[in-house]
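J.: Structure in structure tokens, see below.
The values are calculated or read from the model by the stated rules, or taken from the named source; none is laboratory data. Note that the structure is predicted; figures quoted are calculated from it, not measured. In this analysis, Cβ positions are derived from the backbone assuming ideal geometry, glycine residues included, and neighbour counts consider all displayed protein chains. Side chains are part of the model used for accessible areas, which takes the heavy atoms of the whole protein and leaves out ligands, DNA and RNA. Shrake-Rupley method; radii C 1.70, N 1.55, O 1.52, S 1.80 Å.
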Amino acid sequence: MYAILADYKGRHPQILTANFQDYRVEQGAQGEGTVVSFRLRAGGRERPYRMRVSEPVRGRTLTESDLDSSLITTWTVTPLDDGQRTQVRIATMWEGGSGLGGFFERIFAPLGLRRIYDQILASLATMVEGRPSEAPRAPSPVLLLPLLALIIAVPLLIRLFQQRRRRSALPARVIPASKLKEARSRLREARHQAAHALPRLRSLRA
């Protein structure tokens, strides 16, 4: 198993899915120090990668680190039942983006990678044992309902929050200059009438 995974120029690319395009070995070929490049298509998006290979535990662990991002993929090979069986594990970690795009990336990227990795592991089993690969089981529709509800609810909540922010940020009401002029004219007229009425009130009081 480990020999296949570490053979980046021969057998390793044979187990990759069609999502990996323009696969090329730029440096080395076997394990430590190898550099490979490819374009990965997943979830309707495509991104180039240049991965440098290291062997933290030779014969057990291979690590592929992208030279242009934080993405790291680790292959772990564990013998079971005194070497009669082998467990292979693929784990990918990266720092997700921020904002709404990062939120959806954290939801959908793991789902897309899981499907790709299931197919890769099935191809690896076929190469080693010569048995037909098992198609990955589709997730149950019942399990997808909460995810769909969350996908629908999040944009609505964000829109509602943005509308409230806009309302709270509205400027004070602007009164037209013509109305202010009219109000001042009425105020002057009222003062004028009050000035004429005041002597009459004093005479009546006297």
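J.: Could you count how many residues in the range 24-66 are open to solvent by less than 40 Å² (accessible area, probe 1.4 Å) and part of a loop (DSSP other than H, G, I, E, B)?
T.: The number of residues fulfilling the criteria is 5.
J.: Moving to a separate point now. In the range 1-12, which residue that is open to solvent by less than 40 Å² (accessible area, probe 1.4 Å) and either in contact (Cβ under 8 Å) with a residue 24 or more places away in the chain or touching a strand residue (DSSP E or B) at 6+ places or on another chain (Cβ under 8 Å) (or both) is nearest to Q87 (Cα to Cα)? Let's see the steps before the verdict.
T.: Of all residues in the range 1-12, those open to solvent by less than 40 Å² (accessible area, probe 1.4 Å) come to 2, 4-8, 10, 12.
Going one step further and asking which of them are either in contact (Cβ under 8 Å) with a residue 24 or more places away in the chain or touching a strand residue (DSSP E or B) at 6+ places or on another chain (Cβ under 8 Å) (or both), we end up with 2, 4-8.
Values: Y2: 11, I4: 14, L5: 13, A6: 16, D7: 18, Y8: 20 Å.
The residue in question is Y2.
J.: Give the range 13-23 a look and list any residue that's of a type in the set (A, V, I, L, M) and surrounded by 13 or more Cβ atoms within 10 Å (Cβ to Cβ), or say none. Before you say what the answer is, go through the steps one by one.
T.: Here is the first cut: in the range 13-23, the ones of a type in the set (A, V, I, L, M) are 15-16, 18.
Once the filter is applied, which keeps residues that are of a type in the set (A, V, I, L, M) and surrounded by 13 or more Cβ atoms within 10 Å (Cβ to Cβ), the range 13-23 yields I15, L16.
J.: Can you tell me how many residues within the range 25-37 are at pLDDT 95 or above and under 25 Å from T126 (Cβ atoms)?
T.: Matching residues across the range 25-37 total 3.
J.: Starting from residues that are closer than 23 Å to R115 by Cβ and open to solvent by 100 Å² or more (accessible area, probe 1.4 Å), keep the ones in the range 143-193 and report whichever is modelled with the lowest pLDDT.
T.: Taking the candidates together, the pick is L143.
J.: Go through the range 89-109 and give me each residue that's modelled with pLDDT of 75 or more and open to solvent by 50 Å² or more (accessible area, probe 1.4 Å).
T.: Those that are modelled with pLDDT of 75 or more and open to solvent by 50 Å² or more (accessible area, probe 1.4 Å): R89, M93, W94, E95.
J.: Sort out which residues of the range 2-23 are of a type in the set (F, W, Y) and part of a helix (DSSP H, G or I), and write them in order of number.
T.: Keep residues of the range 2-23 that are of a type in the set (F, W, Y), which gives 2, 8, 20, 23.
Once the filter is applied, which keeps residues that are of a type in the set (F, W, Y) and part of a helix (DSSP H, G or I), the range 2-23 yields only Y2.
J.: Checking P48 against (1) within 26 Å of E95 (Cβ to Cβ); (2) touching a helix residue (DSSP H, G or I) at 6+ places or on another chain (Cβ under 8 Å), which test does it fail?
T.: (2)
J.: In addition: Run down S123, S133 and say which single residue is at pLDDT below 60 and either closer than 29 Å to S54 by Cα or among the small types (G, A, S) (or both).
T.: S133 is the lone residue from the list that is at pLDDT below 60 and either closer than 29 Å to S54 by Cα or among the small types (G, A, S) (or both).
J.: Another question about this same structure. Those residues that are surrounded by 15 or more Cβ atoms within 10 Å (Cβ to Cβ) and either part of a loop (DSSP other than H, G, I, E, B) or in contact (Cβ under 8 Å) with a residue 24 or more places away in the chain (or both), I need them from the range 67-88; list them, please. Give the derivation first.
T.: Of the residues in the range 67-88, the ones surrounded by 15 or more Cβ atoms within 10 Å (Cβ to Cβ) are 71-77, 86, 88.
Result: L71, W75, V77, T86, V88.
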